[in-house]
Every structure is written in structure tokens, then in C-alpha cells.
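Remarks on the structure that follows.
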Amino acid sequence: MEDEVRDSPTAWVSAHIRRYLESDGRDGHDYNGFPTLLLTTRGRKSGTPRRTALIYGRVDDDRYVVVASNGAAVNNPQWYLNLTADPEVRVQVRADRFTARARLADPDERPRLWELMAGIFPTYQTYAAKAPRQIPVVVLERS
């Protein structure tokens, strides 16, 4: 993913990403009290690298967890669709930048990881009650 990265088209997310990048996460890692990382996926149609900011949980030194809630929308978010097509992603947590492999949490680990994430961001429970789909829980494993 060496091409020029396109940030989220959502203005407040794009501004958040800029602050995060410019400060190596000193300004932006904690967003409204929630830990955030930057995730870059490759566009499944365009091939263009695309970056967004997401709330995350940490399982251990090499695994991070994110939730594809899309605010309880009918469809999964674009970043999730992209990583299902190409699971090799780039991640930035504070100043730490690394490649990772993304995968859907398996059925045995999903309940525990969902509880972890709902503990960090309780609004995920509200989203789950409203969404007409099971909200994906994604594990990012450092390569």
C-alpha cells in the first residue's frame, strides 16, 4: 500500500485523522475519551488506500479489536468491505505504525471481544439493538 492514501470523506473524521497524523497520536488517540487508531485498507474496487479512525480495544501486544458498527446502518462500513476483500491493512496506534492482517472474530471469541468493545464504547450495545445485521467484530493481528 504505497499509493497516496485517501482519508475518510466525512469532514470530522478527516480532521481527526489529520490531527492524529500531525501529532503521532498525541492529539487524536484519545477521542472524546475513547482510544482510537488509524486503519488503512485497500479499496476493493479502486485499489486506492483508504484511511479511517476507529475506536479500538487491545487483546494483547499483537492484537487489536475494532467494530464495524457503521452507526447501526443497514450496511457494513466501506472499510470493513475493503478488508474482507484484502485483509492486509496498515494500522497506527499513537506513533506506532505497523502492518496487520484483519480477520472476523470467530464465533468462540466474538462474545468476549464484543463485551470488551462494549465496555470501552457502550453505544455499541445500542447500535446492536438497532442494526438489522450482526455487527462484525474484527481482529487486527500484527504481521
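The values are calculated or read from the model by the stated rules, or taken from the named source; none is laboratory data. If you're wondering where the values come from, they're calculated on a predicted model, not measured in any experiment. Heads up, the Cβs are rebuilt from the backbone with ideal geometry, glycines too, and the neighbour counts pull from every protein chain shown. Accessible surface areas use protein heavy atoms only, side chains included; no ligands, DNA or RNA. Shrake-Rupley method; radii C 1.70, N 1.55, O 1.52, S 1.80 Å.
A few comments on the model shown:
- Filter result for ARG6 (open to solvent by 60 Å² or more (accessible area, probe 1.4 Å) and basic (Lys, Arg)): yes
- The set of residues from the range 18-36 being free of Cβ contacts under 8 Å to residues at least 40 places away in the same chain and surrounded by 21 or more Cβ atoms within 10 Å (Cβ to Cβ) comprises GLY28, THR36.
- Boolean, ALA53 is closer than 21 Å to SER14 by Cβ and out of contact with any strand residue (DSSP E or B) (no Cβ under 7 Å at 6 or more places or on another chain): no
- If the condition is being modelled with pLDDT of 95 or more, under 19 Å from ALA100 (Cα atoms) and acidic (Asp, Glu), then the range 1-36 contributes ASP7, ASP24.
- Taking first residues from the range 92-107 that are at positive phi and partners that are surrounded by 15 or more Cβ atoms within 10 Å (Cβ to Cβ), the Cβ contacts under 6 Å between residues at least 6 apart in sequence or on separate chains come to ARG94/GLY25; ARG94/HIS29.
- Taking strands (runs of 3 or more DSSP E) as the structural unit, those lying wholly within the range 37-138 and holding at least 1 residues that are at pLDDT below 95 and surrounded by fewer than 18 Cβ atoms within 10 Å (Cβ to Cβ) correspond to 57-60.
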